1. Can you name the residue in segment 199-219 that is out of contact with any helix residue (DSSP H, G or I) (no Cβ under 9 Å at 6 or more places or on another chain) and in contact (Cβ under 8 Å) with a residue 24 or more places away in the chain and, of all such residues, is most open to solvent (accessible area, probe 1.4 Å)?
2. Would you say residue 222 is in a helix (DSSP H, G or I), open to solvent by 20 Å² or more (accessible area, probe 1.4 Å) and either touching a residue at least 12 places away in the same chain (Cβ under 8 Å) or touching a helix residue (DSSP H, G or I) at 6+ places or on another chain (Cβ under 8 Å) (or both)?
3. Pairs needed: first member in segment 177-198, charged (D, E, K, R); second member anywhere, assigned to a helix (DSSP H, G or I) and open to solvent by 30 Å² or more (accessible area, probe 1.4 Å); C-beta distance under 8 Å; at least 6 residues apart or different chains.
4. May I ask you to list the residues in segment 39-53 that are modelled with pLDDT under 90 and open to solvent by less than 20 Å² (accessible area, probe 1.4 Å)?
5. Does segment 342-365 hold any residues that are open to solvent by less than 20 Å² (accessible area, probe 1.4 Å), out of contact with any Cys (no Cβ under 6 Å at 6 or more places or on another chain) and in a strand (DSSP E or B), and which are they?
6. Among the candidates 305, 286, 269, which residue alone is under 24 Å from the mean Cα position of the chain (by Cα), farther than 26 Å from residue 122 by Cβ and polar (S, T, N, Q)?
7. Go through 240, 147 for me and flag whichever is closer than 28 Å to residue 263 by Cα and either in contact (Cβ under 8 Å) with a residue 40 or more places away in the chain or of a type in the set (D, E, K, R) (or both).
8. Do you know which of the residues in segment 299-329 that are part of a helix (DSSP H, G or I) and of a type in the set (A, V, I, L, M, F, W, C) is modelled with the lowest pLDDT?
Amino acid sequence: VLWSSLLVRSDWAPLVLGSLHGAARQRSPMPLRASVQRWCGARVEAAEALRSFLVSKGAELDAQTLGPGIGTHGLGIFARRPIAKGEVLAAVPRSLVLEVPLAPTTPTVPTLRPSPLAGALPTGGRWYDVLGDGAGRAAARRLAERLLEEEEKGSKSLFAPYIHALPAPPQLHPLQQDWSAELVECSPMLKRLYEEAAHCHHLCLSASTRRAQHSSAQLSGALSLVLSRNFALQGSALGLLPFIDFFNHHRDDASTATAVSTRVPCTFQERWPGMVAMVAERSIYQGEELTFRYVAAPDSVLLVQYGIAPEGGNRHNLAGVEVFHDDVAKICREKWRVLQSWGWDGHTPLLFTVPDGLSSRAPLRRFAQLLASVDQEELAAATAVRRGRRSAQPATPPAAVQLLISWLLRARARMRLPDLVKDEKDCPLSAAVAAVVAGERDVLEDCLQQLEQELLLWELRVEKSERAIGGWEGVSIRRSFSTLALGSITTPETADV
């Protein structure tokens, strides 16, 4: 993985100036391995020069404690000695941070009864802390424009050492590489995220005031750097943090989540006035890469937002489950009125996520309960508003569980792996999308096992009821249990609710 990533980057211009301004890239005539080694050395030297410059301006970056190096994911920061929990690893004054004001969002009046389907509707920027609202998009655009302005100043800029040491924009980011329709269609969740991100990117680029001075490639490169490296700072600001943003993302592996040595090593803090810092979250051994968690998110979000390729085992992974108009075409008028009150017109597909959507009173489970309800009591249970954390929740009827299973089976069948050898240029992106799809399939498999266990528990309750009261309650439960077939997608027509 290391050599493949470096081979892709080996012919990049050594300065971000070249990458943003479209400088011609010339392949070196020297042997490939020597070219890669020279590239690695140049990146580390630039980062070391940046560290020395920041220290001369008041930063706390002990060369005996940490330093730059080349790891599996390219340039990173590594421990040069054992580090104890709570030690301050890096501290940089705010005066050396490239930042812009972040206007506070206008508070909205909270609704008394938020729609259960709000998260499943196409609401742009659900995963994007910066791009999800107009103020965040404006700040990201201004920060990208300021990065270009500082770059134009050359050596006269205070941030010249930082710009010189910056890696090139992530190659898998949607702003750096066009994603084919075939790749986007591999996963409904990936498609929704990509379309939302593309819309937000367009809003940022179209509002830029420097379109006359810079090409679209330059603006896209600067914006992708900002989106993949920004920090939200105290005092409503968005900034790029020299040297500190060289700490790579910590990947949460589900198989090693309980091991102390695999927990996130560092956390970002602003504990001192005018200083931003990285602090050791646990004991760190010498030679370990210093990382922190950008965001606790599934692989699809990391790929779209940061251009980070999945490595498998992400314990934050989610899978998308779509519900279409055909799934509710035969429901009664009373149920349609409920869905309309929840804000859905039936035309736009709903996209739920699992496993969070299968928890008690989660939107996907409530939606299935509504469609599977066969009497007024079950309809009232599906539409009831939960009051208090300890309020008792009725068990999900087996017909609703079977409906959930049918949706998950369909979601698994609709997922497909991309062709990894169709286009050599798209191979890294295709491999990343394939890893995302594989992770979502694993999530669906786990959720299907959970739902099958629920059905088994219902069977056991039926048998217990039949033995206890002579079968009458068991007959009633079995009638509800068999309302839907396992592979059914729509609920039966009911004349009156």
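The values are calculated or read from the model by the stated rules, or taken from the named source; none is laboratory data. Just so we're clear, the structure is a prediction, and the values are computed from it rather than from any experiment. Note that each Cβ is placed from the backbone with ideal geometry, even for glycine, and that neighbours are counted across all protein chains shown. Side chains included, ligands, DNA and RNA excluded: accessible areas come from the protein's heavy atoms. Shrake-Rupley method; radii C 1.70, N 1.55, O 1.52, S 1.80 Å.
1. In this case the residue turns out to be 199.
2. Judged against the criteria, residue 222 is not a match.
3. Between residues of segment 177-198 that are charged (D, E, K, R) and residues that are assigned to a helix (DSSP H, G or I) and open to solvent by 30 Å² or more (accessible area, probe 1.4 Å), the close pairs are 185/191.
4. From segment 39-53, those modelled with pLDDT under 90 are 39-43; that's our starting set.
Selection gives 43 alone.
5. 350, 351, 352
6. On the way: 305 fails: farther than 26 Å from residue 122 by Cβ; 286 fails: under 24 Å from the mean Cα position of the chain (by Cα).
Answer to the selection: 269.
7. Criteria check complete, one pass: 240.
8. Applying the filter and picking the extreme gives 328.
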